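Readers should treat all values here as calculations from the given coordinates under stated rules, not as data from a laboratory. Everything numeric here is computed off the predicted structure, so don't read it as measured data. Please note: Cβ atoms are built from the backbone with ideal geometry, for glycine as well, and neighbour counts cover all protein chains shown.
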Amino acid sequence: MHYIIKFKLSLFVALLSFATVVRGQITAVDDVANKLWEAIGGKENWLNARYFMFSCIGGDNQSAIQGERKYLWDKQTGNCRFEGLTTDDENLIVLFNIKTTSGTVYLNGTKLDNPRTTADIVKEIAIEFEKDAYLLFLPTALEGDNATYTVAEEKLVGAQRFTVVNIKNRKTSFEGAVDGQLYVDSQTGQAQRWRPSQVSNYFVISGFKDIGGGLVLPTRFIGNDTTTSITYPLAAALVNIEGQKFSRP
């Protein structure tokens, strides 16, 4: 009898300790998530923002677009306007929807009539959009039912202490998938490094900019290989835009 009571008491203590540890872990994760949101202006401001204008320079060398890639994006509907210069020095405008990947293409001001060519270009630009939006909006990857994140560890890099967060979101608001480790400044909550899964390289994050609407986003990503550099010369949250921007060149 004494043994049974002692066993039950030990089991109760063990379960209580386990619950305390789990509760502590959940609290730690929530604290980091809150800090991340606060560092970019708050989750509510992100949810309330609808229109974004941004441009991107850099990235891989496989793009059919040279120089600056410009976007106007309606986060609510998925409508997007792309402007850029092809490697053949032709002005390209693509009006499409990132959710449906359907749209129209204008080359040097003339609408393309070939459905297959149009579909191929729209698909290519939709992929380009996902890659370019991926880093700019990376701190917002915690949003949505598809997002999961855990605190991996605390890590000291030089004199700076980071909280390493494992983040996975198979479908973000910008339709891309995010999977990797985010190094978060333990004091400010700002994302400072990004290490994508299945990739040996990582990005050092900087250039935080007030883009309007109470939001602050990073605009400079430097790869540790010193050859990969991605910057966003233009980044702005807009209150209103002309509807024809998504329907006319």
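Numbers below:
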item: Mean Cα-pair separation over length for the stretch 174-244, i.e. relative contact order, pairs under 8 Å, 6 or more apart, %; result: 19 percent
item: Structure-based [θ]222 nm, the chain - -39500 (n - 2.57) summed over DSSP H runs of at least 4, per residue, nearest 500; result: -9000 deg cm²/dmol
item: Ordering of 39-48, 65-74, 198-207 by packing [mean C-beta count within 10 Å, highest first]; result: 65-74, 39-48, 198-207
item: Rg/Rh for the stretch 100-232, where both radii come from Cα atoms and Rh is the Kirkwood radius; result: 1.05
item: Relative contact order of the chain, defined on C-alpha pairs under 8 angstrom at six or more residues apart (%); result: 20 percent
item: Which label in (i) 6, 22, 21, 14, 10, 9, 9, 6, 3, 1; (ii) 7, 30, 36, 22, 5, 0; (iii) 7, 27, 30, 18, 9, 5, 3, 1, 0 gives the computed P(r) over Cα pairs in 10 Å bins from 0, in percent; result: (iii)
item: 28 Å Cα-Cα reach of Lys245 towards lysines, excluding residues that sit fewer than 8 places from it in its own chain; result: Lys43, Lys70, Lys75, Lys99, Lys111, Lys123, Lys131, Lys171, Lys209
item: Burial ranking of peptide ranges 215-224, 134-143 (average Cβ count within 10 Å, highest at the top); result: 134-143, 215-224
item: For the stretch 136-200, the fraction of alpha-carbon pairs in successive 10 Å shells from zero, as %; result: 22, 53, 22, 3
